[in-house]
Amino acid sequence: MLFRYFYRGMCLLFLVSCSSVDRTIYLDYAASASINKKALEKFDDVSCLDGNSSGFNHHAKVLLEIENQAAQVIAKKINAKPSQIVFTNNATMSSNIAILGVARQYPGCHMITSKIEHKGMLGIFEYLESVGHRISYLDVDRFGNVNLEQLSKSVEKNTRLISIQTFNSEIGTMQNIGAIGKIAKKHGVLFHSDASQSFGKYDIDVEALNIDLLTISGYKIGAPKGIAALYVRDKNRLKPIVFGSGDPFFPGTKSTALIASFAEAVKYFRFDTAKISENFHILASELSKIDDVYINSSTPSHVLSVSIGGVQLKDVLERMKNYSFSAGCSCLGQGKSNVTQAIDPDGKLPSCTLRISFSDRVKSADLVAFVKNLQKAICQLRRMKSVGAGCQSKESQNDLNESLKAIRSALASSKK
């Protein structure tokens with residue numbers, strides 16, 4: 001208890017000391033959200049309880065009941081049953097359990113995914129290819145939308161799984177999950193979706209969308225890092241990939257405190273989609289004033305990707321230290337990602353790609369200031385390299401117009 005108050009006191013002193021220096025604006029919410037105070041308090045409270053939920057005594061029953069109540073909260077959020085929720089330690093593990101579990105159930109089967117899945121997911125499929133599974137990788141359009149016709153034609157007799165993310169963390173593409181679910185159900189194929197970036201922010205109904213396996217994450221909505229879950233419609237259709245006592249799909253002692261905090265985050269997380277759309281529109285409009293830019297996001301969301309010509313990524317990052325954002329994606333280094341390569345197969349986009357992600361608490365004025373500082377940095381860098389004003393190509397301008405047209409159309413539709 002004393003340590004807890006000491007830790008919080010040190011955090012307060014740190015924040016006070018930082019107030020005297022330039023303020024750093026956080027624009028990397030897709031990487032991690034702030035911890036919800038209620039979730040943190042719940043974690044503290046449950047951490048103080050004795051026992052192990054795997055036991056058979058009174059203390060164990062208390063902890064097990066806490067976990068069951070948490071499962072009810074999370075299941076209700078996606079219209080599932082509490083018994084269909086498997087708690088894990090992160091979204092990558094959830095997806096491994098889902099995809100590899102299907103692979104073990106159906107050895108040598110064919111699976112379908114997209115070219116813009118998270119790097120962690122593509123790593124699973126690359127492994128499966130190395131051990132004899134065939135994987136089809138679907139193409140996407142300029143803004144990351146999966147080709148549904150190609151998906152339908154890719155289904156074979158031996159296809160057992162379609163795995164398409166709900167929301168892309170790099171460019172903000174929201175896939176037509178309902179249409180994908182219908183295709184999967186029509187062919188009797190399991191449908192897995194990685195919703196770690198969209199869970200809690202955008203509505204997900206596993207029944208209405210025909211989702212069989214769903215990966216969700218806690219720390220993207222305010223829970224501490226180290227807790228996630230996997231929704232499994234029918235546990236008989238996949239086999240375990242790790243072994244031990246307790247839960248057959250994620251065995252071992254569970255962190256009841258993290259599970260409880262996850263549920264608390266779900267209860268208290270708020271996401272004002274109207275404010276998010278407003279922030280997106282302001283950011284896109286301001287960025288469009290900079291020469292030679294490509295906006296890679298067409299649907300208003302909490303993520304906006306932009307590629308900028310005439311500058312190098314490392315130089316832009318160096319000059320924008322007062323802002324925390326990502327170079328394409330928080331898990332990637334410099335250079336083009338698989339997502340950028342998929343939406344730009346001909347290599348026309350500049351290598352400098354930024355991902356700006358925000359919450360509904362981010363002030364519009366901070367976004368405007370961010371773009372002004374970004375524009376200043378870009379002008380200085382281009383001047384140094386003799387790539388001055390007026391370097392905007394006709395091709396990039398056409399692409400920008402296409403982006404803004406799609407953005408305005410989506411905003412108009414959302415207001416109806």
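The values are calculated or read from the model by the stated rules, or taken from the named source; none is laboratory data. Just so it is clear, the structure is predicted and the values come from calculations on it, not from any experiment. Every residue, glycine as well, gets a Cβ built from its backbone with ideal geometry; the counts of neighbours run over all protein chains shown.
For region 348-367, a residue qualifies if it is free of Cβ contacts under 8 Å to residues at least 12 places away in the same chain and part of a loop (DSSP other than H, G, I, E, B), and the qualifying residues are Arg361, Lys363. Checked across region 143-157, the condition of being among the β-branched types (Val, Ile, Thr), surrounded by 21 or more Cβ atoms within 10 Å (Cβ to Cβ) and either in contact with a Cys (Cβ under 6 Å, 6 or more places away or on another chain) or under 30 Å from Ala257 (Cβ atoms) (or both) holds for no residue. Among strands (runs of 3 or more DSSP E) entirely within region 145-231, having at least 1 residues that are under 14 Å from the mean Cα position of the chain (by Cα) singles out 190-194, 213-217.
Across region 328-370, the number of residues qualifying as at pLDDT below 90 and either under 21 Å from Glu278 (Cα atoms) or surrounded by 19 or more Cβ atoms within 10 Å (Cβ to Cβ) (or both) comes to 3.
Of the residues making up region 135-144, those that are part of a strand (DSSP E or B) and within 21 Å of the chain's Cα centre (by Cα) are Tyr137, Leu138, Val140.
Across region 9-48, the number of residues qualifying as farther than 30 Å from Val306 by Cβ and modelled with pLDDT of 95 or more comes to 12.
Could you tell me which residue of region 122-154 is farthest from Ile97 (Cα to Cα), considering only residues that are of a type outside the set (S, T, N, Q) and in contact (Cβ under 8 Å) with a residue 40 or more places away in the chain? Going through the qualifying residues, I end up with Arg142.
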